Amino acid sequence: MEAQSKVSYFSKDYWYGSIMDWSMKNEQFKTQMFRFVDVLPYLNSGSEVARHLKEYFADAGEKLPPVFNVGLGMGSLAPGLMAGAIRKNVTSMAKMFITGENPAEALTVLKKTRKQRLAFTVDLLGEATLSEKEALEYQAKYLEMIDGLANDAAKWEEVPLLDRDHEGAIPKVNVSVKMTALYSQINDMAWDDTKTRLKERLRPIYRKAMERGVFLTLDMEHYGVKDLTLEVFRDIVMEPEFRTYKFFGCVIQCYLRDSLADCRKVIAWSRERGAPLNIRLVKGAYWDSETIEAEQKRWPIPVYLNKAESDANYEDCTEELLKAFPTVRVAFGSHNVRSVAFALVTAEKLGIPQARVAIQMLYGMADPVKKSLADMGYRVREYAPVGELIPGMAYLVRRLLENTSNESWLRGKFADGISTEKLLRDPKDGLIRTSSELKTGDRFENEALLDFAVKENRLAVEGALKELRRQLPLQCPIVINGQEIRTQDAITRENPAHPAEVIGHVQMASTAEAELAMKAAKEAFPAWRKVPAVERAALVDKLADLMLRDRMALIARQVLEVGKPWAEADGDVCEAIDFCRYYARDMRKLAGGDRVAGLAGGQRVGHALGEVSIYHYEPRGVSLVIAPWNFPFAILAGMVAGALVTGNTVVMKPAEQSSLVAQDLIRLLKEAGFPPGVAHFLPGIGETVGEYLVNHKDVSTIAFTGSKAVGLHILQRAAVVHPGQEHVKRCIIEMGGKNAVIVDSDADLDEAVDAILYSAFGFAGQKCSAASRVIVLEENYDKFESRLIEAAKSLHVGPAEDPKSYFGPVVDSVAQLRILQTIEKAKKEHTLLFEGEVQPVGYFVPPTIFGNVAPDSDLAQKEIFGPVVALIRAKDLDHALEIANGTEYGLTGGLYSRSPANIERVRRDYQVGNLYINRGITGAMVDRHPFGGFKMSGLGSKTGGPDYLKGFMEPRVVTENTVRRGFAPAEAGE
């Protein structure tokens with residue numbers, strides 16, 4: 001094996017070998033190359049291939065292969081010929097790792113593999129599906145493949161090394177199945193329902209495998225479905241129908257920190273079952289995505305952070321499983337010769353028959369190692385993917401990354417020439433253990449969203465909902481100066497999913513209560529402004545801590561009062577916490593540690609001898625906060641925290657539809673220790689109490705989030721100066737949007753459809769950032785349209801408290817009627833592509849998609865605030881940008897593209913406050929995505945960003961003459 005050269009390992013042809021060499025030398029080239037490989041199958045013409053080639057490699061700064069140079073303008077071949085050459089080479093490269101586009105095509109390779117004394121396990125490429133149509137198609141393909149392979153295998157001659165172990169015959173056909181391909185609506189919150197659906201899809205496959213005498217392994221995928229996969233596997237193999245079959249298996253990934261515990265679980269299940277279970281022990285193939293997801297979501301890192309830890313754990317798991325023989329049977333999946341050798345030696349020490357030891361490796365990799373093991377009499381099984389090129393690209397790129405990874409054993413041996421002694425060293429020698437906890441340092445960190453794959457989190461939300469229902473109906477009084485006030489006027493808030501269920505009664509303030517609140521806020525301001533900024537910030541931090549403590553209860557209120565699904569409600573609470581912590585942190589920065597009462601800042605400006613000028617900020621006075629119902633806790637809390645931490649007093653007017661949720665904020669402010677006079681709670685009707693407050697002479701700042709109509713009215717009224725008014729009112733206004741996502745001709749439709757579906761239909765489209773327009777370049781329009789429709793058909797719409805609901809009801813009957821009327825009007829003007837079904841009781845609106853919508857129509861111009869999407873066809877990117885910018889709004893927008901030039905063009909020319917590239921356009925996070933728009937979407941301020949607090953303050957400069965009798969103090973540096 002050592003005699004095999006680098007060329008023999010990497011260079012089945014010059015093109016592939018060269019790419020591997022360059023990729024190992026240049027990380028930037030590797031990134032661009034693999035991105036180009038990923039997009040290539042989506043490019044429909046030679047000119048498109050040439051354009052992308054130039055965009056990815058024009059700045060490579062390295063000598064490129066001749067076929068690349070042609071595309072970069074250094075050759076004379078026509079684009080069509082060049083594209084053909086590129087496609088041929090990439091297809092050839094794919095075929096090195098993928099056995100065929102379908103099982104029939106793969107059979108030729110599999111038969112050849114058997115002649116080389118190698119067994120196989122076949123995997124259908126493709127993971128998470130977008131629709132139930134796709135999921136059922138995958139199920140049918142698995143069933144067909146099992147039959148086809150079993151029929152052909154019946155004619156094969158037995159190869160004892162491959163087809164027998166110490167007990168006798170074993171299946172010639174071995175199939176691996178990916179669970180996420182079989183059900184499109186996998187949902188951690190609806191854990192039990194998801195398991196039920198998955199088992200329904202898997203049983204026919206398990207049954208077919210057992211009937212045809214096929215070995216079936218349930219593959220392991222990303223960590224998010226690890227526990228779900230193991231539970232589904234356990235449940236099925238324990239069912240009486242399948243309990244005695246010896247050829248079912250699962251996979252354990254040893255780069256996961258909890259893999260040893262999982263090994264012990266499977267051993268226990270196998271003992272209980274009575275018939276042995278099989279485990280494929282692997283390192284894992286999703287390290288990058290696992291670490292990125294953990295970092296982004298602020299969850300514990302599930303994988304080991306260095307190769308030595310994974311290798312050491314692999315050996316620990318190996319020992320654990322081999323000691324449990326024959327209760328479980330193990331196949332060792334690794335290309336690391338040290339790991340394989342450890343397994344073989346350990347098995348021999350334990351007296352396990354060699355015929356029972358199995359090694360698995362990937363098709364197209366480590367051929368010299370496979371041959372050596374087969375020569376030694378060990379059964380080697382190749383993991384043999386089958387599938388079309390486009391769904392196979394993700395798999396291909398993973399293999400290329402593995403081959404070029406700095407920590408790859410194969411690269412170390414065959415490319416970098418690292419000594420055998422070093423490569424075979426015990427991974428525990430000098431091992432440095434890493435932690436699963438994320439390092440934060442001094443950076444701001446967002447509060448982690450709940451991981452609903454964790455059972456305790458699901459139970460906590462369920463418990464909070466039950467507890468809230470025990471308290472119904474809630475009572476929501478007015479709160480002024482810390483005192484609860486009840487009036488003769490109240491409204492009833494019902495569950496929008498079950499209008500007969502009363503959630504609570506909300507006292508409605510009149511102008512009399514509004515005047516009391518304004519007077520109290522004005523009187524409290526002088527004392528509050530003098531509280532040092534760092535002390536105000538500490539109170540806001542305390543408020544965040546209390547929100548975190550009451551997290552589950554805050555989630556439950558949103559679920560029942562405004563119909564927010566679990567995850568959306570949790571996101572709202574986390575955003576409120578983030579606002580508080582971010583603004584407290586930002587206030588401390590502005591204060592610069594200065595404890596001067598009423599001032600923040602202290603930055604010196606200018607430089608003149610004998611003079612010192614200090615730039616400060618100070619609060620403005622009474623802030624009026626008018627909040628929306630769609631983010632009932634987060635937006636209210638953010639505006640209130642921003643006003644309070646900067647030294648202003650606050651009168652808050654929540655939306656009528658979400659006053660019960662908003663009530664929790666005034667309760668927590670009191671508990672956090674804020675003086676009673678600094679914040680007042682005035683639920684009431686916007687047209688009366690809201691109007692009165694906007695016009696009040698003592699309001700200095702108005703913070704509003706809501707509709708364009710109300711926002712513009714507030715701006716108009718705020719411009720009027722009333723008798724006795726001492727301030728020009730400042731308005732911090734966030735309004736609506738008519739947000740569009742552009743889908744380029746080279747977009748990854750798997751990612752685009754999934755993200756756009758959520759951006760459009762999450763929380764029933766009741767977000768100012770929701771995607772209500774999708775502008776698709778005509779090359780992709782038909783494909784995108786059909787896949788989006790199928791994905792929408794698969795959504796479950798139901799009560800928000802039901803965790804399997806993708807989205808719930810709209811907020812009230814008024815919203816429901818308005819949206820349904822919009823849909824009926826649009827049906828007369830546009831092509832209705834899809835309208836879902838919803839239950840008759842409750843304020844539900846079906847997910848609705850219209851096609852070929854005219855860009856200047858009402859449907860494409862006016863904000864709907866519901867689950868309605870307009871698909872618009874664009875001729876090219878220029879046309880798409882013209883359409884995208886062709887509304888009065890400028891809030892959020894998105895682009896799905898794999899063209900570097902097009903990404904840069906859209907980055908420059910798409911006029912929105914928040915532009916998202918190759919991701920969904922909702923779910924802005926504090927600090928990471930400061931949020932706010934311009935044009936008719938707002939005044940350009942950004943919540944959760946570095947400029948927001950300044951909107952609540954006035955800048956001041958204090959200049960002192962430091963000269964006394966011709967003498968000035970010496971300054972630093974002089």
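No value in this document is a laboratory result; all are computed from the given coordinates. None of the values given here were measured: they were computed from a predicted structure. Reconstructed Cβ throughout: ideal geometry from the backbone, glycine too, with neighbour counts over all protein chains shown.
In nm, give the distance between the simple-model label positions of Asn306 and Asp192, each being 7 Å from the Cα along the Cα-to-Cβ direction.
4.5 nm
If packing is taken as the mean number of other Cβ atoms within 10 Å per residue, what is the order of 584-590, 862-868, highest first? Please report the intermediate quantities before stating the final value.
Numbers: 584-590: 20.6, 862-868: 23.3.
Ranking, from highest mean packing down: 862-868, 584-590.
Rounded to the nearest 5, what % of the DSSP beta bridges within region 739-937 are antiparallel ones? Before the final figure, lay out the partial values.
On the way: 6 of 28 bridges.
Bridges in region 739-937 that DSSP calls antiparallel: roughly 20 percent.
To the nearest 0.05, how large is the calculated FRET efficiency for Asp152 and Ser45 if R₀ is 30 Å and r is the Cβ-Cβ distance?
Once the sixth-power term is evaluated, E becomes 0.20.
Suppose every K and R has +1 on its Cβ and every D and E has -1 on its Cβ; what is the size of the dipole of region 739-937 about the Cα centre, in Debye to the nearest 20?
Around 340 debye, computed over region 739-937.
Counting only Cα, what are the radius of gyration and maximum Cα-Cα distance Dmax of region 642-751, in Å?
18.3, 61
For a quick protection proxy, order the peptides 814-823, 252-261 by their average other-Cβ count within 10 Å, most packed first.
Highest-to-lowest ranking by the protection proxy: 252-261, 814-823.
Expressed as cubic angstrom per residue, what is the convex hull volume of the alpha carbon set of region 220-319?
That works out to 88 Å³ per residue.
How high is the relative contact order of region 455-735? Use alpha-carbon pairs under 8 Å, at least six apart in sequence, and give a whole percent. Working shown, then result.
Working: 570 pairs, mean separation 61.2, N = 281.
It comes to 22 percent, rounded to a whole number.
On full extension of the chain, what length is gained from Leu915 through Asn102, given 0.36 nm per residue of separation minus the C-alpha to C-alpha distance?
Additional length available on full extension: 288.7 nm.
Using +1 at the Cβ of each Lys and Arg and -1 at the Cβ of each Asp and Glu in region 116-394, identify which of Ala150, Ser334, Val357 lies farthest towards the dipole's positive end.
Result: Val357.
In the chain, if the dipole is taken from +1 on Lys/Arg beta carbons and -1 on Asp/Glu beta carbons about the Cα centre, which of Val612, Phe807, Leu757 is farthest to the positive end?
Farthest along the dipole direction, towards plus: Val612.
Kindly identify the chain as rounded, prolate or oblate by the Cα gyration tensor criterion: order the square roots of the eigenvalues as a ≥ b ≥ c, call it rounded if a/c is under 1.5, otherwise compare a/b with b/c, prolate if a/b is larger, else oblate.
prolate
Could you list log10 I(q)/I(0) for region 455-735 at q = 0.17 Å⁻¹, which the Debye formula gives when each Cα is one point scatterer?
Debye intensities relative to I(0), on a log10 scale: -1.38.
Figure the gain on full extension for Glu27 and Glu437 (residue separation times 0.36 nm, minus the Cα-Cα span) and round it to one decimal in nm.
Details: separation 410, 0.36 × 410 = 147.60 nm, distance 2.76 nm.
In short, 144.8 nm is gained.
For the peptides 717-725, 530-538, what is the packing order when you average, over each peptide's residues, the other Cβ atoms within 10 Å and list the highest mean first?
530-538, 717-725
Determine the dipole magnitude for region 193-276: charges of +1 sit on the beta-carbon of Lys and Arg, -1 on that of Asp and Glu, nothing else is charged, the reference point is the Cα centre, and the result goes in debye to the nearest 20.
220 debye
Work out the FRET efficiency for Gln821 and Lys950 from their Cβ-Cβ distance, taking R0 = 35 Å, and round it to the nearest 0.05.
Efficiency computed from Cβ-Cβ geometry: 0.25.
Compute the helix-to-body angle for 287-297: its Cα long axis versus the longest principal axis of the chain, expressed 0 to 90° and rounded to tens.
Roughly 20 degrees between the two axes.
Can you compute the helix-only [θ] at 222 nm over the chain? Use -39500 (n - 2.57) per DSSP H run of at least 4 residues, normalise by all residues, nearest 500 deg cm²/dmol.
Details: 33 runs with 419 residues, N = 974.
Rounded to the nearest 500, it is -13500 deg cm²/dmol.
Using a basic spin-label model with each label point 7 Å from the Cα along Cα→Cβ, how many nm lie between Leu609 and Gln483?
6.3 nm
Roughly what angle does helix 132-153 make with the longest principal axis of the chain, taking Cα atoms, 0 to 90 degrees, to the nearest 10?
Between the helix axis and the principal axis of the chain, the angle is about 10 degrees.
Farthest toward the dipole's positive end in the chain, which of Gln28, His696, Ala324, given Cβ charges of +1 (Lys, Arg) and -1 (Asp, Glu) about the Cα centre?
Ala324
Extending each Cα 7 Å along its Cβ direction at Leu136 and Asp858, get the distance between those two points in nm, one decimal.
For Leu136 paired with Asp858, the spin-label model returns 3.7 nm.
Relative to the longest principal Cα axis of the chain, at what angle does helix 46-57 sit, 0 to 90 degrees, rounded to 10?
Value to nearest ten degrees: 70.
About its Cα centre, how strong a charge dipole does region 443-586 have in debye, to the nearest 20, once Lys and Arg get +1 and Asp and Glu get -1 at the Cβ?
320 debye
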